[in-house]
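One structure is given here, and the rest of the page talks about it.
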Number of protein chains: 2
Amino acid sequence: MTREELIKVCKAARLTLPRLISAGARVKMLEAIADAIAAKKDEILAANAVDIPLARQSGISEVMIDRLRLTPERLDDIAGAVREVAALPDPLTPVSETTRPNGLRIVRQRVPFGVIAMIYESRPNVTVDAAAICLMSGNAVILRGGREAFNSNMALVGVISEAIAPFGTRDAVNLITDTDRESVDALLSLRGYVDLLIPRGGAGLIRKVVDNAKVPVIETGTGNCHVYVHSSADLDMAQKIIINAKTSRPSVCNAAETLLCDRDIAPVFLPAAARALRECGVELRVCPESMKYIPDATPATEEDYYTEFLDHVLAVKVVSDVYEAVGHINKYGTMHSEAIVAGDAGAAEIFMSEVDASSVYHNASTRFTDGGVFGMGAEIGISTQKLHVRGPFALEGLTTMQYRVYGYGQVR
Amino acid sequence: MTREELIKVCKAARLTLPRLISAGARVKMLEAIADAIAAKKDEILAANAVDIPLARQSGISEVMIDRLRLTPERLDDIAGAVREVAALPDPLTPVSETTRPNGLRIVRQRVPFGVIAMIYESRPNVTVDAAAICLMSGNAVILRGGREAFNSNMALVGVISEAIAPFGTRDAVNLITDTDRESVDALLSLRGYVDLLIPRGGAGLIRKVVDNAKVPVIETGTGNCHVYVHSSADLDMAQKIIINAKTSRPSVCNAAETLLCDRDIAPVFLPAAARALRECGVELRVCPESMKYIPDATPATEEDYYTEFLDHVLAVKVVSDVYEAVGHINKYGTMHSEAIVAGDAGAAEIFMSEVDASSVYHNASTRFTDGGVFGMGAEIGISTQKLHVRGPFALEGLTTMQYRVYGYGQVR
């Protein structure tokens, strides 16, 4: 779509905002969406059946095909997730109210951003989640999903638009109806039309958006995460945590990419951990000192320590103490999720307060960084920036504040 | 300073962050700063005495000279403001704590941004306020004040650095020691070194920063504010409010720049308001319909409605109703401060919830948008963006969140 076409879409989307103020109306819209998805399964599955073989022809991996695939059961889950969002507390409430000495009553009120744009992967469930979370937080949304999900997304957004049309908010949920780069470039430039842009996906997309956007952005997702084993660690626990953090789902952003190990325990811990990791199919890329304990490993390059492998590959490095571990993480990490395994509470507190990441763990796996796990229900993404929101975010992260001041003629 | 020199400054600043974790230490640093300013008045005043004649030679206005001038009393006030910040509640506290069903204890903790850079006007008091607020929120800061305050800022930052040196945090407060544009350009590019950049000043600077920054930015200050007089308004109150909003301090960002008036009351309200405004020396630029009631005014151009005059100039426009007023404000405004004068509570609520501004007023002047007035003590600026903070912001706005998760071996 051209810039001019997108501006038209944004303007129409903005006009729906007053109809998203009422919490009751928002809940009813989400319920209508869930009902419509359940009622129109055949239509949606037929569109998905067009996407799958095309995606396979284009040569994407089976993991990606699986993320793209819809089934009747998955559509039930998707509709159920919408109902769960509808059942969450209204995010658009006052957060404080004070009356000043001059009689002014000042209400600090949570309000929507306005028009949110989202660029994301070829996962049709994200289309529905994003629409539901944006609407529930009073925002209109412009969706730009991955090209492989094009027909599925057209069907889903068609169903959603029709479901909310009776509320006068048909234009509140929009799909960019092409897969050109031009649309993404145009989105980045729509200052004054797009209030917030959320890119999800690979490091390349995120970097491009952050470098070029003139609109406000929340960066998500890139996770170069570490597990640091302190000399005071319970070594069985440490091994269990690194195995889980690396191998339970290597393709996700909260998986670990580097193991840091204190020098004092390296001779004991590293040989055993290496054996267990290799049994899980993990390739190890190690520092010169680790090589003494894992003699047949590949030497790690500087680049390896910067890399989010998203695969069965793990970098390994021996460090002197918690300060060197913190320094390494703050240099090479992406401020996503970082773990220390330690018996010593003092060392753990240094790690927790000095590591500059959205989520820090003492004696637990990095894999827990997730909206559902953190108790916020569905999430829109995991922010790796410090501005506005950090870590998993959902309804509250899609709101901003407004001061509403009530007087009776006060002047200054 | 070159990019490389600035990177060195940023790295040294970051190394001080662990010493800013303790609330007790931060309070003591601020007290030391206040004491040092009181003790070194002569030194600071001597530097200021160099700046004043140079500034006058460069032809800046007397209003600006007055903002630049320091006196013994003003230094007392500046030191007093530092003590007030030191007495505020510690912003770096946990905001929530939950234990999840799997036993993970999740603490959501307020943490500093890290290294904050600030570009601001030739006002030496801002140098000290900014240093105090950044330190109190656990941040290191790089200051780039206006060129006219160069010697005053050198003296003040010298005094501050010396005062905090015993805490090992000398490098936590830094002044860019030149007035070249090169330094500003370099600051904008320091992704990974500067965690947050706050520009204060004219619309030109803000626009340049927002368009070019690769680092996270909080925009401040530009205020194209409106007063809207609804047909149900108490007209005496309305006149008092527009006179105050326009004339009490026309050069500030929360002053009104446009008066909107409902058609029904225009024949009564506009002639009287115009007379009173002109008695205060205000030039009126009016729409064709207003011209019927203010016959000898200047016609307003489209550009006038977009302009923050910061002077004794006011644009005037007749509108049909609250919806047209909201539409005008959302089109021409800068999302700063907007007021409705109305007896009708329904019209007021439509205005308050649909106007897209940081601060909205019912029956009060726009001039109240201010950190002190809103009860947050000193402010670092007034954010006109929606991301992160909106409206006046200070300690809390200079923090971000971190999830700290405590376990005993949990894996996923």
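The values are calculated or read from the model by the stated rules, or taken from the named source; none is laboratory data. Because the structure is a prediction, the values reported are computed rather than measured. Because the Cβ atoms are built from the backbone with ideal geometry, glycine has one as well, and the counts that use them run over all protein chains shown.
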When B:Val318 is run through (1) surrounded by 14 or more Cβ atoms within 10 Å (Cβ to Cβ); (2) modelled with pLDDT under 95, the failure sits at (2)
Within segment B:384-412, how many residues turn out to be within 7 Å of chain A (Cβ to nearest Cβ) and part of a loop (DSSP other than H, G, I, E, B)?
7
So which pairs qualify, if the first residue must be in segment A:30-57 and under 14 Å from A:Ser122 (Cβ atoms) and in the same structural domain as A:Glu73 (by TED's automatic domain parsing), the second must be at pLDDT 95 or above and not in a helix (DSSP H, G or I), the Cβ gap must be under 6 Å, and the two must be at least 6 apart or on different chains?
A:Asn48/A:Leu70
Residue set A:Ile33, A:Ile21; condition touching a helix residue (DSSP H, G or I) at 6+ places or on another chain (Cβ under 6 Å), within 14 Å of chain B (Cβ to nearest Cβ) and β-branched (Val, Ile, Thr); output residue A:Ile21
Out of all the residues in segment B:161-180, is one or more modelled with pLDDT under 95, under 29 Å from B:Phe309 (Cα atoms) and in the same structural domain as B:Leu68 (by TED's automatic domain parsing)?
yes
For segment B:356-383, the count of residues that are more than 9 Å from chain A (Cβ to nearest Cβ) and surrounded by fewer than 22 Cβ atoms within 10 Å (Cβ to Cβ) equals 5
Name the single residue, out of those in segment B:164-176 being over 10 Å from B:Ala131 (Cβ atoms) and not β-branched (Val, Ile, Thr), that is surrounded by the fewest Cβ atoms within 10 Å (Cβ to Cβ).
B:Pro166
All-but-one check, A:Thr98 against (1) under 30 Å from A:Tyr408 (Cα atoms); (2) in contact with a Phe, Trp or Tyr (Cβ under 9 Å, 6 or more places away or on another chain); (3) touching a residue at least 12 places away in the same chain (Cβ under 8 Å), failing number (3)
Tell me, yes or no, whether segment A:287-294 has at least one residue that is within 24 Å of A:Phe368 (Cβ to Cβ) and either within 14 Å of chain B (Cβ to nearest Cβ) or over 29 Å from the mean Cα position of the chain (by Cα) (or both).
no
Odd one out for B:Val85, checked against (1) closer than 22 Å to B:Ile198 by Cβ; (2) in a loop (DSSP other than H, G, I, E, B):
(2)
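Table: residues versus (1) at the interface with another protein chain (Cβ under 10 Å from one of its Cβ atoms); (2) modelled with pLDDT of 95 or more; (3) in a helix (DSSP H, G or I).
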site: B:Ala325; (1), (2), (3): no, yes, yes
site: B:Asn330; (1), (2), (3): yes, yes, yes
site: B:Met335; (1), (2), (3): yes, yes, no
site: B:Ala339; (1), (2), (3): yes, yes, no
site: B:Gly346; (1), (2), (3): no, yes, yes
site: B:Met352; (1), (2), (3): yes, yes, yes
Counted residues, segment B:135-155 - those being under 13 Å from B:Ala86 (Cβ atoms) and part of a helix (DSSP H, G or I):
2
Subset of segment B:296-332 (residues that are among the acidic types (Asp, Glu) and under 22 Å from the mean Cα position of the chain (by Cα))
B:Glu308, B:Asp311
Enumerate the pairs (first residue in segment A:5-26 and over 14 Å from A:Val141 (Cα atoms); second residue anywhere and of a type in the set (Val, Ile, Thr) and exposed (fewer than 15 other Cβ atoms within 10 Å of the Cβ)) with beta-carbon separation below 9 Å, excluding pairs fewer than 6 apart on the same chain, so at least 6 apart or on different chains.
A:Ala23/A:Thr93
Would a scan of segment B:186-209 turn up a residue that is more than 14 Å from every other protein chain (Cβ to nearest Cβ), crowded, with 22+ Cβ neighbours inside 10 Å and in contact with a Leu (Cβ under 6 Å, 6 or more places away or on another chain)?
yes
Which listed residue is free of Cβ contacts under 8 Å to residues at least 60 places away in the same chain, surrounded by fewer than 21 Cβ atoms within 10 Å (Cβ to Cβ), over 17 Å from the mean Cα position of the chain (by Cα) and more than 22 Å from A:Pro216 (Cα to Cα), from A:Arg105, A:Arg147, A:Arg181:
A:Arg147
Hits in segment A:247-263 (condition: surrounded by fewer than 20 Cβ atoms within 10 Å (Cβ to Cβ) and of a type in the set (A, V, I, L, M)):
A:Val252
When the residues of segment B:354-373 are filtered to those that are assigned to a loop (DSSP other than H, G, I, E, B), of a type outside the set (S, T, N, Q) and closer than 12 Å to A:Arg404 by Cβ, which remaining residue is farthest from the chain's Cα centre (by Cα)?
B:Val355
I'd like the full set of residues that are surrounded by fewer than 19 Cβ atoms within 10 Å (Cβ to Cβ) and within 11 Å of chain A (Cβ to nearest Cβ), limited to segment B:214-246.
B:Lys214, B:Asp234, B:Asp236, B:Lys240
In contact with a Lys or Arg (Cβ under 6 Å, 6 or more places away or on another chain), of a type in the set (Gly, Ala, Ser) and at negative phi: which single residue out of B:Ala315, B:Ala272, B:Ala276 fits that description?
B:Ala315
Result of the Cβ filter at 6 Å on segment A:252-268, keeping first residues that are over 13 Å from A:Pro288 (Cα atoms) and partners that are surrounded by fewer than 24 Cβ atoms within 10 Å (Cβ to Cβ) and acidic (Asp, Glu), at least 6 apart or interchain, is A:Glu257/A:Glu308
Checked segment A:135-148 for anything farther than 28 Å from A:Glu396 by Cα and either of a type in the set (Gly, Ala, Ser) or in contact with a Cys (Cβ under 6 Å, 6 or more places away or on another chain) (or both); matches are none
Of the residues that make up segment B:386-393, is at least one more than 30 Å from A:Ile198 (Cα to Cα) and either of a type in the set (Gly, Ala, Ser) or buried (at least 24 other Cβ atoms within 10 Å of the Cβ) (or both)?
no
Can we say A:Leu270 is surrounded by 19 or more Cβ atoms within 10 Å (Cβ to Cβ), touching a helix residue (DSSP H, G or I) at 6+ places or on another chain (Cβ under 7 Å) and within 17 Å of A:Gly145 (Cβ to Cβ)?
no
